[in-house]
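These notes are about the structure you will find just below.
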Amino acid sequence: MSYSKTIVLTNYDGETFVVDEVVAVEPQTIEHMIEDGCANTSIPLPNVTSKILSKVIEHCKKHVETPNSNEKAAKADLKSFDFDFVKADQGTLFDLILAMNYLNIKELLDLIYQTVADMIKGKTPEEEEEMRRVNAWVFSCFVGVTCLYFKSKKM
Amino acid sequence: MEDSDHQPTHSGSLIGSNDDLLTEILLRLPVTSILQFKSVSKHWRLLLRHRHFTQRYDTLSKSPGFFTTDNIYVPYDVANPTTPLFRSLDFYPDPHGIRIVQSCNGLLLCRTYRGSIDARKYYVFNPTTKQFAIVPRLPGGYEVRKTIRFMGLAFHRTDCVHYKLVCICSLESDDDVELFQIQIYSSDTGEWKICPAPSYRNHLYFKIDAEQLQTLPLPVEMTVFQTVTMYFGESRGHLHLTVLVDSDETGLHLNVYEMLGDHSGCMLRWFVKYQLQLHEICGAFPEMTCSSYDFDVVDVVRGVKEEDTFIVLRISCKLIRYNVHDKSFRQMSDVINYAFRKDPFAHHRYIETLAYF
């Protein structure tokens, strides 16, 4: 595998990331941009912040560097890497979903969706009042409504 | 749930307003959360009730256990038992009590338990969503209703939101041949309809969409060897027939057949999907001596993956789960009541489904 060619990615903040081509083509969206010839100098990724982009590059690197074999150890290593990767706060996971969806990286999306689902499912509330609070909290996660009353209560 | 430092985020509202992304997250929630989150907002209620969502959700749905006729719940997985979303059939105040007749893809056909034929009602109930419907009475009054021999529910969640009931009544006839009449109820039209009356023959099946009786093929072993039919049922779209075969060559064994159908759903032939030698069971459970085979095949449950497929057996007083992949036995329950032993077919699978009818 040759690592000679590099690609420059420019993100939302105007920051640039120099990445090996083999790593950069992991996301299908970038691969298609390169194939279509619209990425001679640098690829603009205006929807992605530098924090998220460096996380995405970290993920792509790990997946390119891990030998594509059926070896149990390599598979387990990648699995534990992915598992640690999604150990993030909800805001970061939301940002990752948007970035991964935009860049079309499918394999990790599944795990992120499941992680967010596990976060919001919580426990089954027995009381109606408790249920309303959980519902309002979930609502505020996805709609962006600040609800001070619910924020002040620990769920 | 860690919430104290939660800040509503811009990305959260972007995902919240993108139905595709939101759906992907919601699909991965347990069914209790889905039911609860219907009251999060009007938007979520519409999304979670929409057929696009419920159908995708139901393809991943689980069958965690079954009910016996006296409404006792038996989980399939003893190590991780689940409690069903409903505990009793109190969805309708029937003074004579309600019992399950049949389970079909998550919907239960129920019937008034005791009481006269005139007081008897049939219900269709979704135990997951708690939705139920009272089936209109079969027309023709008492004279027709007393001849009901069979009532069955047909529901295929991916095909249609409606269900059908098939009722077989016996007709009076002059000679010895017993004649039957088939009536079909559709929740789409809300009416009963009579099908052309066929005369009685063995090995028939009723094709619901064509509303016709057709001949059911039989496995070749059933015409050659001595056989006993042990089980007939469906799982994950596969139709299974389990037969005890006594052949000189291979000894006494269980054949689990699967039906091979064509594209139109016509049944072509059976093929042997799994085979279980009886001496394997005798080896694992000495109480089942080879002189008296005190056992039943209760259920054949296919997993999403082949290694999750198992057969539920009743061996003397125990319920046993036999994994077809690694050929292992695991005990599910050691207390089986008399009614269940007498009628092992009277078990009704519990399947979570969000289907609305």
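Annotations
- Test: residue in region B:13-36 that is in contact with a strand residue (DSSP E or B) (Cβ under 8 Å, 6 or more places away or on another chain) and at pLDDT below 85: no
- Filtered residue count, region B:171-202, keeping only those that are assigned to a strand (DSSP E or B) and modelled with pLDDT under 85: 4
Residues checked against (1) modelled with pLDDT of 90 or more; (2) facing another protein chain (nearest Cβ under 8 Å):
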position: A:PHE85; (1), (2): no, no
position: A:ASP89; (1), (2): no, no
position: A:ASN101; (1), (2): no, yes
position: A:LYS106; (1), (2): no, no
position: A:THR115; (1), (2): yes, no
position: A:MET119; (1), (2): no, yes
position: A:GLY122; (1), (2): no, yes
position: A:PRO125; (1), (2): no, yes
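- Any chance B:ASN105 is in contact with a strand residue (DSSP E or B) (Cβ under 8 Å, 6 or more places away or on another chain) and on the phi > 0 side of the Ramachandran plot: no
- Across region B:129-143, the qualifying residues are those that are open to solvent by less than 40 Å² (accessible area, probe 1.4 Å) and at pLDDT below 90, and the one among them that is nearest to B:GLN181 (Cα to Cα) is B:GLY141.
- The lone exception for B:CYS104 - which of (1) under 18 Å from the mean Cα position of the chain (by Cα); (2) open to solvent by 60 Å² or more (accessible area, probe 1.4 Å) it fails: (2)
- Tallying residues that are open to solvent by 10 Å² or more (accessible area, probe 1.4 Å) and modelled with pLDDT of 80 or more within region B:317-338 yields 12.
- B:ARG314 vs. criteria surrounded by 20 or more Cβ atoms within 10 Å (Cβ to Cβ), under 26 Å from B:ASN105 (Cβ atoms), at pLDDT 90 or above and among the basic types (Lys, Arg): no
- Number of residues in region B:39-85 that are within 14 Å of chain A (Cβ to nearest Cβ), open to solvent by less than 80 Å² (accessible area, probe 1.4 Å) and without any contact (Cβ under 8 Å) to a residue 60 or more places away in the chain equals 7.
- Hey, A:LYS72 away from every other protein chain (no Cβ under 12 Å), open to solvent by 60 Å² or more (accessible area, probe 1.4 Å) and at pLDDT below 85 or not: yes
The values are calculated or read from the model by the stated rules, or taken from the named source; none is laboratory data. Just so you know, these numbers come straight off a predicted model, no measurement behind them. For neighbour counting, all protein chains shown are included, and Cβ atoms are generated from backbone atoms with ideal geometry for every residue, glycine included. When the accessible area is computed, the model is the full protein with side chains, heavy atoms only, and any ligands, DNA or RNA have been set aside. Shrake-Rupley method; radii C 1.70, N 1.55, O 1.52, S 1.80 Å.
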